1. Return the residue satisfying two criteria in turn: it lies in the stretch 43-79 and is open to solvent by less than 40 Å² (accessible area, probe 1.4 Å) and part of a loop (DSSP other than H, G, I, E, B), and of such residues it is nearest to Arg13 (Cα to Cα).
2. Any idea which residue in the stretch 1-24 is nearest to Ile72 (Cα to Cα), counting only those that are free of Cβ contacts under 8 Å to residues at least 60 places away in the same chain and open to solvent by 90 Å² or more (accessible area, probe 1.4 Å)?
Amino acid sequence: MRASEYDAELDARGLFCPEPVMMLHNRINDVEPGGVLRVVATDPSTTRDIPRFCQFLGHELVGRAESGDLFIYLIRRGT
């Protein structure tokens, strides 16, 4: 994922549930509505928690990938 595909980034590597989602909750507010936040995490629970976060709060999970022990998400902020 190229930097041109997102507007901001959250590095949650090394953090464990519930910290990545708590940080995401704060960081998504720094992105303009319609903007994309890239999240990089190492906690496997994010594969469950981040999609639920998006669904519950009206954000769009536009991309996700796994690379080794990294979980990468692209989240478009809702309005």
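1. Asp43
2. Looking at residues that are free of Cβ contacts under 8 Å to residues at least 60 places away in the same chain and open to solvent by 90 Å² or more (accessible area, probe 1.4 Å), I get Arg13.
The values are calculated or read from the model by the stated rules, or taken from the named source; none is laboratory data. Quick caveat: nothing in here was measured; it's all calculated off a predicted structure. Positions of Cβ are generated from backbone atoms using ideal geometry, with glycine treated the same way; all protein chains shown enter the neighbour counts. What goes into the accessible areas is simple: the full protein's heavy atoms, side chains included, and nothing from ligands, DNA or RNA. Shrake-Rupley method; radii C 1.70, N 1.55, O 1.52, S 1.80 Å.
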